[in-house]
Amino acid sequence: MNALPPLDAHAHLNPARTAAELEAPCAILAMTLSLDEASFAVGRHDPAVAWGVGCHPRKLRAQQAFDEERFRRLVEQTAIAGEIGLDTGCRVPLDLQLRTFRQALAVLTGLPRLVSIHSYQATGLMIEELRRQPVAVPVLHWWTGTAQETREAVALGCYFSVHSAARATASSARRSRPSECWSRAITATPIHRPPFRAASSGWSTWWPNN
Ligand SMILES: [Zn+2]
């Protein structure tokens, strides 16, 4: 039996690329940044890529345009949701982010999906929201929570998508994070060739709206 291919659990790909351009030596969970991008992506059929439906917390226009029913219709077409979440390190008003995140979680509590969640400078807040509205398979991307928050996340069934930069500092992180975090880590393996870009920054430089 062939070994399973490597997995990149959090990438940003341009859905305007051709299928040939998105051929990859690994399986990719591709996160979108807005419902407009998602509506373009979920209609694709790429053997190695599963497209998520997202609304990134750092994207003001995407947040303003978020619509719960449109999100639901898109999520019903795919197995992945993301990237969604909270970020207090950006200029997008937190009340707007919270409205979007809560509405997205409300949809996802009724649909069993893998959900890639962003929580930059908002780890405690994100955990609080997830506790109110748990989802089937939460995957925390670039997690920076405390040991206590990590235990709470694990108790909520969270996994952690870990990219190469995080792995490089894993030895120091291991000292500050509970071991259960590392036993629930999945990879976000960067692919260093165009049109792919490492997920380390959480952004795609070649997506035209960035
Ligand atoms: Zn991202």
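Assorted remarks:
- Residues considered: 87, 8, 36. Of these, the only one that is surrounded by 15 or more Cβ atoms within 10 Å (Cβ to Cβ), of a type in the set (D, E, K, R) and either closer than 15 Å to residue 115 by Cα or at pLDDT below 95 (or both) is 8.
So that you can scan it fast, the table gives a plain yes or no per residue for (1) modelled with pLDDT of 95 or more; (2) buried (at least 19 other Cβ atoms within 10 Å of the Cβ); (3) out of contact with any Cys (no Cβ under 6 Å at 6 or more places or on another chain):
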| position | (1), (2), (3) |
| --- | --- |
| 92 | yes, yes, yes |
| 105 | yes, yes, yes |
| 110 | no, no, yes |
| 123 | yes, yes, yes |
| 134 | yes, no, yes |
| 146 | no, no, yes |
| 168 | no, no, yes |
| 171 | no, no, yes |
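- If the condition is being part of a strand (DSSP E or B) and acidic (Asp, Glu), then the range 80-98 contributes only 83.
- Tallying residues that are part of a loop (DSSP other than H, G, I, E, B) and surrounded by fewer than 20 Cβ atoms within 10 Å (Cβ to Cβ) within the range 59-77 yields 3.
- Considering the range 51-91, the residues that are among the small types (Gly, Ala, Ser) and more than 15 Å from the ligand (Cβ to nearest atom) include one that is farthest from residue 137 (Cα to Cα), namely 65.
- Failed condition for residue 141, given (1) of a type outside the set (Gly, Ala, Ser); (2) more than 16 Å from the ligand (Cβ to nearest atom); (3) at pLDDT below 95; (4) under 16 Å from the mean Cα position of the chain (by Cα): (2)
- Filtering 47, 15 for residues that are within 17 Å of the chain's Cα centre (by Cα), surrounded by fewer than 24 Cβ atoms within 10 Å (Cβ to Cβ) and modelled with pLDDT under 95 leaves a single hit, 15.
- All positions within the range 1-48 that are under 20 Å from residue 111 (Cβ atoms) and either outside any loop (DSSP other than H, G, I, E, B) or within 16 Å of the ligand (Cβ to nearest atom) (or both): 9, 10, 29, 30, 31, 32, 34, 35, 37, 38, 39, 41
The values are calculated or read from the model by the stated rules, or taken from the named source; none is laboratory data. Just so you know, these numbers come straight off a predicted model, no measurement behind them. In this analysis, Cβ positions are derived from the backbone assuming ideal geometry, glycine residues included, and neighbour counts consider all displayed protein chains.
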